[in-house]
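A.B. asks: Dropping the structure in here first, questions after.
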There are 2 protein chains.
Amino acid sequence: MPESEILPRRRGRPASTAPDAGGEVQSLDRAVALLRVLAEADGMSLSDIAKTADLPASTVHRLLATLQKRQLVNHDHENGLWTVGLGLFRIGAAYLRIRKLPDIGRPVIRRLLHETDETVNLAMFDGNELVVVAQAEGHSAVRAFFRLGARLPLHATAAGKCILAVATPAFRGACLAQMRYEAFTVRTHRTERSLMDDVGGIEARGFAIDDEEHTLGMRAVAAPIFNEWREPIGAVSVSGPAVRMSDDRIQRLGRRVASAAEQMTRLYSGADEVLPPEFIAYR
Amino acid sequence: MPESEILPRRRGRPASTAPDAGGEVQSLDRAVALLRVLAEADGMSLSDIAKTADLPASTVHRLLATLQKRQLVNHDHENGLWTVGLGLFRIGAAYLRIRKLPDIGRPVIRRLLHETDETVNLAMFDGNELVVVAQAEGHSAVRAFFRLGARLPLHATAAGKCILAVATPAFRGACLAQMRYEAFTVRTHRTERSLMDDVGGIEARGFAIDDEEHTLGMRAVAAPIFNEWREPIGAVSVSGPAVRMSDDRIQRLGRRVASAAEQMTRLYSGADEVLPPEFIAYR
DNA sequence: AGAAATATTTCCAGAATGTGGAAAATTGTC
DNA sequence: GACAATTTTCCACATTCTGGAAATATTTCT
């Protein structure tokens, strides 16, 4: 089990380094340009769009008609104006769900890696489980144990336990009710009592500790990340071999992880401006 | 209807009534299909996408490469997975017409969440469909069923039914004519008669009720939000597990949702000034 | 370790498909 | 009422897209 898993690398023929390698689809490229034009102004006539995009009206009309059928643009039949459609919003909204936390977290975990030289994981909580969505690997011999997309058990990882610690009592109860207490090592919590004794101390301390509970010889610390409603949406963790993770260093790393998590919470909920203003409107 | 205004009418050759008149651009149509696929999953490989969209891998690759150059999709060079991109979000978010309501509604739904401790959804109606544009999730074990960007069926949700209830007879007729009555649960309305019996009582009551019609075990209440012309532009709903939603509580929540909707109507139609000045510029 | 299977990217001949000028059908203006 | 402006459709032409196959890599067998 403690085999250092290799990250899933890219398969297939590698992309050439040429700047415009790969395909070029003219009609699609033009359609995207039209969407950009439409996004600037709210409601344009066909001829205005054609003029702005520098394309013949018939071509613009054909592209818009196709987009309209897919609901990516609206065409007001009263006044003939074209606008960006709800369908586009629907697709665009998926971006927040999928990419917001990883995009925000990447620079933070990168700095964490450089400071600690241990593996850093960023995991998202989807209501049932934690999923690793970004990571930075330490350069040591012992490498990452979770790969991108790996699921972290709530009862046997620092990330999972810190989520339990900050959840509402009702939600925590629901999680505990269906907990299966799979035993990964001899130190894995196997009863609710044992687990909750551990979890109870996390909130005051500010971070959770995994003391060889998932993998023998590995210790980790983690802290939760919140959204603007103060709901935990994920966690950041630092893990390394027990020989390097003395109790003393665990405390220092724990405080560092907690401050990194706080920073990500601030970024995620829009306190600081690192993302385009559109983010703020729809969080 | 006082429709004697000198509204600018549509100019140019009128569109034919044929359903698929106008242009068809295959490559663009396919690209939109790919975006839809990507929006559903969080990260897919090329071959998965090709399989799902039922297109040859080389074609998919060419389209994705074009979209990537325009930032509409991301391609992770580490693991080769494709996701929806920031550019897509930026264009979708530029949909100014749907921007005003979420901005206004956010504080209202936040208070609604704190008062009720149940999931609150704010959806916008664009004449064809209802789309969730903001939400506040309850802290309980049972969570939201609709996420941002989700489409709400008119016949099987409280939000949809309250829109039908306040629409003009002509518009309601048009909606009913193309209603497909998809059955989500055993309680979903499956005939126009059944649906309209329900809808008929909504206006007098002030709110609509979804009694496990979309999801078994879930009940919800909703009320419509109007613009300054008294046209319904969206709805706010509160939903929770049936065990917590007694008939008695449904009545109380319904009245509360109705008053929240009224407040949003007032704010939206400009009775009170709560928005920052820069907002005006975008209207 | 080598072979087979799987995956991504590029290439290219062939033709399907998109292109855009022109015509048709309207509304607005003088 | 004629003319200008605008949107939509039409259609001949060849540009542009298509998709099978090859190239190049990783993962999994044997």
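The values are calculated or read from the model by the stated rules, or taken from the named source; none is laboratory data. The model shown is predicted, which means the values in this text are computed figures rather than measured ones. Because the Cβ atoms are built from the backbone with ideal geometry, glycine has one as well, and the counts that use them run over all protein chains shown.
A.B. asks: Considering every residue within segment B:176-195, establish whether at least one is at pLDDT below 90 and within 14 Å of another protein chain (Cβ to nearest Cβ).
C.D. replies: So far as segment B:176-195 goes, no, none of its residues is at pLDDT below 90 and within 14 Å of another protein chain (Cβ to nearest Cβ).
A.B. asks: What are the pairs, 6+ residues apart or on separate chains, where a residue within segment B:33-53 that is over 10 Å from B:W82 (Cβ atoms) has its Cβ under 6 Å from a residue that is not in a helix (DSSP H, G or I)?
C.D. replies: Short answer, once both residue conditions are applied: B:A39/B:V84.
A.B. asks: Count, please, the residues in segment B:176-198 that happen to be polar (S, T, N, Q) and either crowded, with 16+ Cβ neighbours inside 10 Å or part of a helix (DSSP H, G or I) (or both).
C.D. replies: 2
A.B. asks: Identify all residues within segment A:164-175 that are part of a helix (DSSP H, G or I) and in contact (Cβ under 8 Å) with a residue 60 or more places away in the chain; write none if there are none.
C.D. replies: Within segment A:164-175, A:V166 is the sole residue that qualifies.
A.B. asks: Next question, about the same structure. How many of the residues in segment B:36-69 are touching a strand residue (DSSP E or B) at 6+ places or on another chain (Cβ under 8 Å), more than 7 Å from DNA strand C (Cβ to nearest atom) and of a type in the set (S, T, Y)?
C.D. replies: So the answer is 1.
A.B. asks: Residue under question is A:A93, and the condition is that it be away from DNA strand D (no atom under 12 Å from the Cβ), within 9 Å of another protein chain (Cβ to nearest Cβ), within 30 Å of A:T265 (Cβ to Cβ) and at pLDDT below 85; does it hold?
C.D. replies: When the stated conditions are applied, A:A93 passes them.
A.B. asks: Continuing with this model, one more query. Say whether the condition of being at the interface with chain B (Cβ under 9 Å from one of its Cβ atoms) and at pLDDT below 85 is met by at least one residue in segment A:137-145.
C.D. replies: no
A.B. asks: Can you tell me which residues in segment B:47-75 are facing another protein chain (nearest Cβ under 8 Å), near DNA strand D (Cβ under 8 Å from one of its atoms) and either among the aliphatic types (A, V, I, L, M) or assigned to a loop (DSSP other than H, G, I, E, B) (or both)?
C.D. replies: B:L63
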